[in-house]
Structures are given as structure tokens and as C-alpha cells.
Amino acid sequence: MMDFLLGGLTPSAFVHDPLMAGAGYAMVGALVLAAVGLTYFKRWKWLWKWMTSLDPKKIGVMYIVVAVIMLLRGLADVLLIRTQQATSVGNSQGILSSDHFQQIFSAHGTIMIFFVAMGIIFGVLNLIVPQQIGARDVAFPFMNSVSFWLFAVGMLLINAPLVVGEFAATGWLAYPPLSELQYSPGVGVDYWIWSLQIAGIGSLMSGINFFVTIIKKRAPGMTLMKMPVFIWSVLCSMSLVMFAFPILTGTLGMLSLDRLMGMHFFTSGGGGNPMMYINLIWAWGHPEVYILVLPAFGIFSEIVPVFSGKKLFGYTSMVVALIAITILSFTVWLHHFFTMGAGADVNTFFGIMTMVIAIPTGVKVFNWIFTMYRGRIRFTTPMLWFMGFVTTFTIGGMTGVLMSVPAADFQFHNSLFLVAHFHNMIIGGVVFGAFAAFTYWFPKFTGFTLNERLGRYAFWLWLVGFLLAFIPLYILGFMGATRRLDHYDASLGWQGLFIVAGIGALLICAGVAMQLLQVTVSIIKRKENMVGTDPWNGRTLEWATATPPPEYNFATILVVSTRDAFWEMKKNKVVSEPTYESISIPKNSGLGVIIGLFALLVGFGLIWHIFWLALVGLVGVIIVLIIRLTSDDNDEVISAHEVRMIETAGGGA
Amino acid sequence: MATDMKRVGQESSTKTLGFWIYIMTDCVLFATLFATYAVLHGNTFGGPSSRQLFDLPYVFIETFLLLTSSFTIGMAVLSARAGYKSRTIGWLVVTFILGLSFVTMELTEFAHLVADGNSWQRSGFLSAFFTLVGTHGAHISVGLLWMIVMMIRIAKGGLKSMDVGRLALLGLFWHFLDIIWICIFTIVYLMGVL
């Protein structure tokens with residue numbers, strides 16, 4: 001009976017070693033504190049209004065809040081990894097047990113990619129895409145809310161092992177046969193699977209949503225070749241989501257069937273084929289890298305022209321390069337496992353395709369630089385992040401091309417050289433891009449800019465910290481250090497470099513602290529940094545809305561005739577005669593939150609083999625979906641009079 | 001009023017595009033399962049191979065049921081567009097019965113395999129077979145559930161334009177599952193026996 005009710009869940013699942021227990025207590029404590037605070041300040045209703053909002057701007061903010069919290073979690077993992085590798089040498093065993101160390105690097109990778117990078121990207125998309133194409137909303141506002149809540153549930157599931165159970169000790173992609181039941185009998189891999197499965201389905205729905213939004217919701221006159229390059233980058237990135245994420249869903253599904261139902265997809269016995277998993281997961285995983293970095297390219301393509309006072313150099317070649325990268329990104333996945341032994345011909349093909357992808361990327365770098373050439377450059381913080389990006393990303397690109405030579409890759413494979421390379425791309429590309437975007441678009445939503453001086457400090461701490469943390473890893477990789485080492489021999493002489501890398505990680509943490517300080521100081525002293533609706537002399541339509549933008553973004557739908565539409569409007573001094581019309585916007589809906597909760601039950605039930613709970617969750621999701629999809633009254637109307645009141649009070653366009 | 005109609009028109013074309021793209025992503029999911037099946041097809045691990053297991057005439061009846069249901073749901077969508085309420089429901093009932101018979105036959109086939117000791121645990125080949133065919137069957141079941149909801153709504157509220165639009169999407173979904181089944185019939189059963 002207890003087996004039926006609780007599945008594999010026993011009291012001992014709640015017992016952890018002091019370090020993990022401490023993190024678990026801190027997490028639960030923070031939640032309790034938040035609940036007490038909400039009750040004390042009577043803010044529950046306010047919170048519920050946020051949670052149930054279908055306004056993409058609010059959903060975007062929630063994405064970013066989750067991503068920032070997860071960034072702090074991921075950073076805490078980094079500090080543990082760095083401490084372990086700097087101290088666990090020779091006779092000293094460091095601070096972590098081997099098993100715990102493995103759980104931590106697995107969690108670090110998974111969290112940083114799925115819940116930080118993806119969260120930031122979808123946050124920026126929600127905030128910027130509708131406004132930049134002159135639209136009032138995304139194509140499917142309710143699905144957008146469901147996407148977010150599935151993402152949030154994935155986040156909960158990946159943090160739950162701190163309190164109950166354990167996390168996967170199998171690395172961020174959980175290769176079988178190690179991740180099969182035979183070698184990983186605990187719930188760790190199941191947490192990994194269901195956290196990613198649920199968040200991944202959310203990402204897939206977001207991909208469809210933004211793709212359709214861009215195709216269908218653009219302002220009249222904005223033809224495809226008049227779209228801002230950021231929108232192009234999102235369109236390409238979302239096509240990748242549409243093609244790549246179903247593969248992830250299928251692959252995780254099969255791994256889970258192996259573990260739950262005793263199937264033999266990827267087992268080492270029974271006729272399974274573990275190499276199939278590695279092919280499939282990278283057929284998703286390589287495009288995933290571009291899903292993250294293409295929007296970052298798009299962000300820089302917006303920032304560089306604005307701060308150079310020039311239009312973007314080579315718009316058409318930028319678009320062609322984006323499309324080329326999109327297509328090529330599906331032809332390189334095998335370079336993640338040249339050593340598998342696919343044969344010389346196959347390895348050569350994938351090696352060459354990998355080198356080819358550097359060409360469109362190079363085109364983009366030169367276009368940005370030519371945009372700056374003879375421009376009137378303002379070295380604001382977003383521009384600093386861009387300069388940092390161009391230098392670090394180019395270094396990363398070159399080390400990538402080194403590894404694309406299969407013969408050389410046999411040396412680099414699985415070494416810290418590789419670890420340094422992909423951090424180079426993700427931090428230098430995606431993370432710097434996100435910080436540039438944050439500083440650049442912050443005043444759009446708040447009405448004041450961020451403190452420039454603290455922003456500069458944060459940038460330099462990040463840049464120096466980043467170089468200190470990862471250049472030693474390149475060198476260590478050459479010296480033969482493999483990834484995921486929890487202990488090494490003193491005679492290897494690696495400790496010095498590991499200590500330098502640790503200092504680099506500390507500097508990055510100081511950079512993050514500086515950014516938190518920057519936001520706090522900027523909010524406190526916001527009166528000093530008040531700006532109007534167009535603080536940077538912007539070029540694209542998002543600067544044509546009021547600050548902060550009203551829920552419907554545009555009172556009057558603008559008609560676009562050129563690229564850089566807002567710039568043209570300013571140049572031609574177009575003042576649109578305000579004609580107010582009633583606007584229909586989607587009502588708040590709590591059903592997205594409820595679908596998220598039921599999905600949580602499904603995930604938790606399957607992880608702990610509490611099958612009745614999973615069934616309850618599944619039936620719940622289906623019923624809520626039927627309720628929502630068969631209801632006809634989901635919109636509310638803001639009358640023309642109310643729109644006029646809002647617009648004259650806010651002074652919007 | 002005219003702008004209202006225009007807005008509704010735009011909305012439904014947005015939904016149609018979104019649904020087409022969903023179908024495309026589902027296609028990629030099936031492609032993943034087909035690829036895995038192709039790779040694992042020979043991995044019988046000492047167990048029976050596809051040649052020993054599959055019964056073509058039985059599967060042919062399943063195929064016949066599903067293809068016919070694609071025709072009948074097409075008739076349902078046409079009737080709905082023409083505004084014939086009871087005829088629409090009638091064609092939906094026929095489609096539902098055909099779809100349900102298909103799922104029943106598939107489950108019966110599965111039960112026989114399991115009873116003979118050839119379950120999904122037997123070999124990599126059978127894992128891939130059950131998952132590929134079962135995923136299609138699960139999709140058909142979702143379609144059946146959707147059909148029930150549509151029948152109830154049309155019976156209660158008549159043929160509102162929203163519901164006609166939803167019925168058209170259901171039709172699209174059903175035809176898509178038919179195409180997937182034709183691929184399954186060809187690759188799994190026909191090529192498995194030949």
C-alpha cells in the first residue's frame with residue numbers, strides 16, 4: 001500500500017550531507033521568507049496578477065527573474081567545482097565527495113543552459129519582439145503563459161533534489177549507458193529527464209509562438225527585408241527550436257522508457273544502441289547552441305548601429321549569414337564525437353562543415369566592425385559588452401576551428417580545452433549579449449538608465465575574471481587535464497593553473513555582485529537617471545511606444561515604409577495624428593499556472609514512481625486544456641476613451 | 001463590424017499557421033522515432049525479427065479503417081462548412097467508430113505480442129517498434145478525445161464559426177496521422193515482412 005501511495009519516496013530521501021542540506025534549507029528558507037513577506041505586505045493578490053498575466057512584457061520579466069535566480073545557483077555550483085579542483089590534489093581530497101562533485105557539475109551545466117541562457121533569451125524575446133515589429137501582442141498569449149509555467153516547473157524540479165532525493169551524476173547530457181537504470185539506479189537521472197522534458201516542451205511552444213508572431217503580426221509595410229536584424233535572428237533561432245526540440249523530446253522520452261518500462265533503446269545489453277542517443281542528443285544539442293547565440297547576434301546588430309550613429313553595415317549579408325548559420329547548424333552535430341569511430345569519410349565531412357560555419361559568423365563580425373568604422377561611437381556599457389564579445393567570441397571561434405579538425409580533436413576531445421572553448425562561446429556570446437541587452441533596453445521599461453560607472457566596473461570584472469578563469473583551462477587541456485576531474489596527482493603540476501582559474505571565477509562573482517549593486521543603486525537614485533522614451537537615439541519601433549509601455553504597446557498601429565522605421569519617423573518628423581480606437585487584449589488567466597502545477601505532479605510522480613499522482617496530473621492537464629480551448633470569452637476590451645486617458649497621461653506615441 | 005470580421009479572419013489564419021507548424025514539429029518527433037527504428041531494426045537480441053512477427057492482412061484492415069476515416073472526417077468538415085449540423089455530427093460519429101476500431105485492433109495486436117513473450121522488454125527492435133507505433137496510437141487517441149469534445153460542442157451550440165475552424169484543424173491533424181500511418185505501414189510492416 002505504501003509502495004502504491006509513495007512509490008520510491010522514503011524518509012531517507014530527505015537526508016542529505018551537510019553541504020546539500022544547507023543549500024536545501026537556504027532554498028526552502030528563502031521561499032518561506034518570500035511567503036511571509038507577501039503576507040505581511042499584503043502582496044499575494046499583486047503576485048497572482050503577475051502570475052496570471054498574459055502580457056508578454058510581464059511574462060518576459062518573470063523569465064528574467066527566474067533566470068537571474070538560477071544564475072546565482074549556477075554560480076554557487078561553480079564556486080564548489082573550482083574549490084574542489086584547486087584543492088583536491090595529491091593526498092588532499094578536497095571538500096566534496098566524488099559522487100557529490102559529479103552531481104554538481106551535472107547541475108551546473110544543465111541549469112546554466114536550460115534555465116539561465118534559455119530563460120534570458122525567452123525573456124528578451126517576450127519583452128522586445130512584439131514591440132519591435134509594431135505589434136500589440138504575441139500570436140498566442142495563453143500558450144505563452146503555459147510555456148513560461150512549464151519552464152518554471154522544470155526549474156522547480158531541477159532544484160528539488162536539494163531537498164528530496166539526489167541529482168543526476170551523469171553530466172549535463174546524461175550519456176547512456178551510464179544514465180541507464182543499471183548504472184544510475186537512483187532518481188537523479190529521472191529528475192534530469194523530467195525537468196528538461198517539461199521545460200523543453202515549454203520552449204517548443206515558445207518557438208512556435210514567436211515564429212508565428214513574426215510571420216503574422218508585423219506592422220503593415222514591414223516586409224521581411226525591412227525587419228530589424230534582431231527579428232531576423234529570432235526568426236532563425238525559433239526555426240531551429242521548431243526543428244531541434246522535438247528531437248530532444250523524443251530522445252528524453254526514449255531514455256525515460258528505458259528506465260521506466262525496461263525498454264532497450266540505449267542500454268548496453270538487450271539490443272540497445274547507446275551511440276544512437278549520442279547522435280540524437282547532439283542533433284538537438286548543436287542547434288541549441290545556435291538557438292542561444294543567434295538572438296545574441298541580433299542584439300548586437302541593434303546595439304552597434306545605435307551607438308555608432310550609423311545604419312547597420314551590410315544588412316542583406318547579415319540576413320544571409322543568419323540563414324546560412326541556421327541551415328549549417330544541422331550539419332555539424334557529429335563533431336561532438338569524432339572519437340566515436342564513424343570512419344574517416346564521415347568525420348571529414350563533419351569537420352569541413354564545421355569549418356564552413358565559421359564563414360557566415362566571420363561575415364557578421366566584419367559587418368559589426370564596418371558599422372563602427374567612421375561612426376560616431378559612444379562607449380556606453382552596452383557597447384563595452386559588445387567590444388568584450390567581439391574579442392572573446394573571436395578567440396572562442398578560433399579554438400572551435402582548431403577542434404573541428406578531426407585528427408586534432410582526438411587530442412582535445414573530453415579535455416578542459418573543450419570546456420574552455422564552449423564557455424568562451426556561451427559566456428562571450430550569449431551572456432555578454434544578454435547583459436548588453438539588459439543595459440540597453442532597461443530604460444525602455446523603467447524610464448531610467450542604469451548607473452554607467454558601476455556598469456563599467458562590472459564589465460571589467462567580468463572580462464578579466466572570464467579570461468583568468470578560462471585561459472588556464474585551455475592550457476590545462478593542452479597538458480592533458482580531462483573534464484569532470486574531482487582529483488588529480490600532485491606531480492602533474494596542474495594546481496597552480498587551477499588556482500588561477502578559481503581566482504577568475506571569484507572575479508566573475510564580484511562582477512555579478514557589482515551588477516546587483518548597479519541595479520540597486522540605479523533604482524534608489526533613479527531620479528538622477530531619468531530619461532524620456534528614446535534615451536539612446538534609437539532606430540527601431542520599440543522606442544516608439546510609451547515608457548513604460550502600456551499593455552497594448554501601440555495605441556495606433558504604425559505603418560512602416562523603411563528599415564530603421566523609428567529613425568525615419570524622427571528624421572521626417574512624422575507626427576502621427578492620434579486617433580484612438582478600442583483595443584482588445586487577452587484577460588488574465590490562472591489556467592497557465594494550473595497547467596504548470598499539474599505538469600509538476602506528472603513529473604514528480606514519474607520521478608518517484610508514484611503513478612497515481614502522475615495520472616492525476618495528466619488528466620488534470622487534459623481537463624484544463626479542454627476548458628481553455630472550448631471557452632469563447634477570453635478577451636477584454638479597453639475602450640477608446642480609456643486608451644486616450646492612458647496615452648495622454650503617459651505621453652506615448 | 002467589417003474590421004471585426006477582418007480581425008477574426010486574421011486570427012483564424014494565425015491559428016492555422018500555428019497548427020501547421022505544430023504538425024511539422026510533430027513530424028520531426030516521428031522522424032526521430034523512425035530513425036531510431038531503422039537503426040534498431042536488426043537488433044533482435046536473439047528474439048523474433050519483424051518477418052516472424054507481423055501479420056500483413058491484419059495490418060491491412062487497420063490501414064483500411066484509418067484511410068476510410070480520413071475520408072469521413074473530410075466529409076464532416078465539408079458538411080460543417082456547408083452548415084449541416086446533424087450531418088456533420090453523423091460523419092464525426094462514423095469517423096470516431098473507425099478510429100476507435102483502429103486503436104482497438106492495434107491494442108489487440110500489442111496484447112498478442114506481449115502474451116507471446118515478445119514485449120517491449122524483449123529487444124531493442126521491439127522497444128523501437130512499440131514506441132513508434134504506440135506514439136501514433138496515442139496521437140489517434142488524442143484525436144478521438146478531441147472528436148468527442150467537438151461533437152458535444154456542435155450538438156449543444158450549433159456550428160459557430162470558431163467551431164468550424166477548430167473542426168478543420170482536427171481534420172488536418174487526422175490527415176497528418178494518416179500520412180504517418182502510411183509511413184509506418186510501409187517502413188515497419190511492409191518492408192519488415194518483405
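The values are calculated or read from the model by the stated rules, or taken from the named source; none is laboratory data. Since we're looking at a predicted model, the values are computed, not measured. In this analysis, Cβ positions are derived from the backbone assuming ideal geometry, glycine residues included, and neighbour counts consider all displayed protein chains.
Each residue in the range A:512-553 was checked for being closer than 24 Å to residue A:459 by Cβ and part of a helix (DSSP H, G or I), and 18 of them qualify. For residue B:28, state whether it is within 11 Å of chain A (Cβ to nearest Cβ), among the β-branched types (Val, Ile, Thr) and under 21 Å from residue B:194 (Cα atoms). It is false that residue B:28 is within 11 Å of chain A (Cβ to nearest Cβ), among the β-branched types (Val, Ile, Thr) and under 21 Å from residue B:194 (Cα atoms). Is there a residue being within 22 Å of the chain's Cα centre (by Cα), without any contact (Cβ under 8 Å) to a residue 12 or more places away in the chain and surrounded by fewer than 16 Cβ atoms within 10 Å (Cβ to Cβ) anywhere in the range A:451-461? No - not one qualifying residue is present in the range A:451-461. Within the range A:205-227, the residues that satisfy the criterion of being within 9 Å of another protein chain (Cβ to nearest Cβ) and buried (at least 24 other Cβ atoms within 10 Å of the Cβ) are A:207, A:208, A:209, A:212, A:213. In the set (1) closer than 20 Å to residue A:558 by Cα; (2) touching a residue at least 24 places away in the same chain (Cβ under 8 Å), residue A:208 fails one condition alone, (1).
Scanning the range A:8-57 for residues that are surrounded by 14 or more Cβ atoms within 10 Å (Cβ to Cβ), assigned to a loop (DSSP other than H, G, I, E, B), over 29 Å from the mean Cα position of the chain (by Cα) and hydrophobic (A, V, I, L, M, F, W, C) returns a single hit, A:9. In this entry, residue B:75 passes the filter for residues that are at pLDDT 95 or above, under 23 Å from residue B:159 (Cα atoms) and more than 15 Å from the chain's Cα centre (by Cα).
In the range A:238-264, the residue that is nearest to residue A:215 (Cα to Cα) out of those that are more than 7 Å from chain B (Cβ to nearest Cβ) and either among the aliphatic types (A, V, I, L, M) or free of Cβ contacts under 8 Å to residues at least 12 places away in the same chain (or both) is A:238. The sole residue among B:32, B:16 that is over 24 Å from residue B:124 (Cβ atoms) and among the β-branched types (Val, Ile, Thr) is B:16. Every condition in (1) crowded, with 23+ Cβ neighbours inside 10 Å; (2) more than 14 Å from every other protein chain (Cβ to nearest Cβ); (3) under 21 Å from the mean Cα position of the chain (by Cα) holds for residue A:287 except the one numbered (2).
Is it the case that residue A:294 is closer than 18 Å to residue A:113 by Cβ, away from chain B (no Cβ under 11 Å), touching a helix residue (DSSP H, G or I) at 6+ places or on another chain (Cβ under 7 Å) and modelled with pLDDT of 95 or more?
Here the answer is yes, as residue A:294 does meet what is asked.
Within the range B:36-71, take every residue that is within 15 Å of residue B:188 (Cβ to Cβ) and among the aromatic types (Phe, Trp, Tyr) and give me the one that is farthest from the other protein chains (Cβ to nearest Cβ). The extreme case among them is B:60. Taken over the range B:118-148, residues that are facing chain A (nearest Cβ under 9 Å) and either modelled with pLDDT under 95 or not in a helix (DSSP H, G or I) (or both) amount to 5. Scanning the range A:393-407 turns up no residue that is aliphatic (A, V, I, L, M) and in contact with a Lys or Arg (Cβ under 7 Å, 6 or more places away or on another chain).
The one condition from (1) in contact with a Leu (Cβ under 7 Å, 6 or more places away or on another chain); (2) crowded, with 24+ Cβ neighbours inside 10 Å that residue A:244 does not meet is (1).
Restricting attention to the range A:134-141, does a residue exist that is among the aliphatic types (A, V, I, L, M), part of a helix (DSSP H, G or I) and at pLDDT 95 or above? The answer is no; no qualifying residue exists. Taken over the range A:520-545, the criterion of being buried (at least 19 other Cβ atoms within 10 Å of the Cβ) and of a type in the set (A, V, I, L, M) is satisfied by A:541, A:544. With the condition kept exactly as written, say whether any residue in the range A:378-399 is under 24 Å from residue A:114 (Cβ atoms), aliphatic (A, V, I, L, M) and either surrounded by 23 or more Cβ atoms within 10 Å (Cβ to Cβ) or at pLDDT 95 or above (or both). Among the residues of the range A:378-399, not one is under 24 Å from residue A:114 (Cβ atoms), aliphatic (A, V, I, L, M) and either surrounded by 23 or more Cβ atoms within 10 Å (Cβ to Cβ) or at pLDDT 95 or above (or both), which makes the answer no.
Checked against the criterion of being in contact with a His (Cβ under 9 Å, 6 or more places away or on another chain) and either surrounded by fewer than 19 Cβ atoms within 10 Å (Cβ to Cβ) or assigned to a helix (DSSP H, G or I) (or both), the candidates A:102, A:93 yield just one match: A:93.
Among the candidates A:232, A:282, A:194, single out the residue that is more than 24 Å from residue A:160 (Cβ to Cβ), in a helix (DSSP H, G or I), more than 14 Å from chain B (Cβ to nearest Cβ) and not aliphatic (A, V, I, L, M).
Every option except A:232 fails the conditions.
Only one of the numbered conditions (1) more than 30 Å from residue A:417 (Cβ to Cβ); (2) outside any helix (DSSP H, G or I); (3) of a type in the set (A, V, I, L, M, F, W, C) is not met by residue A:485, and that is (1). Note on the range A:625-646: among residues that are surrounded by 12 or more Cβ atoms within 10 Å (Cβ to Cβ) and either part of a loop (DSSP other than H, G, I, E, B) or touching a Phe, Trp or Tyr at 6+ places or on another chain (Cβ under 7 Å) (or both), the one that is farthest from the other protein chains (Cβ to nearest Cβ) is A:644. Going through (1) touching a residue at least 12 places away in the same chain (Cβ under 8 Å); (2) more than 14 Å from every other protein chain (Cβ to nearest Cβ); (3) out of contact with any helix residue (DSSP H, G or I) (no Cβ under 6 Å at 6 or more places or on another chain); (4) among the aliphatic types (A, V, I, L, M) one by one, residue B:78 falls short only on (1).
Of all residues in the range A:338-362, those satisfying the criterion of being within 17 Å of residue A:429 (Cβ to Cβ) and buried (at least 18 other Cβ atoms within 10 Å of the Cβ) are A:354, A:357, A:360, A:361.
Restricting attention to the range B:13-23 and to residues that are within 7 Å of chain A (Cβ to nearest Cβ) and among the aliphatic types (A, V, I, L, M), the residue that is surrounded by the fewest Cβ atoms within 10 Å (Cβ to Cβ) turns out to be B:17. Scan the range A:555-577 and tell me whether some residue there is surrounded by 14 or more Cβ atoms within 10 Å (Cβ to Cβ), over 19 Å from residue A:229 (Cα atoms) and acidic (Asp, Glu). Scanning the range A:555-577, I find no residue that is surrounded by 14 or more Cβ atoms within 10 Å (Cβ to Cβ), over 19 Å from residue A:229 (Cα atoms) and acidic (Asp, Glu), so the answer is no. For the range B:165-194, filtering for residues that are hydrophobic (A, V, I, L, M, F, W, C) and either outside any helix (DSSP H, G or I) or more than 20 Å from the chain's Cα centre (by Cα) (or both) leaves 3. A residue that is of a type in the set (Lys, Arg) and crowded, with 19+ Cβ neighbours inside 10 Å occurs somewhere in the range B:109-127.
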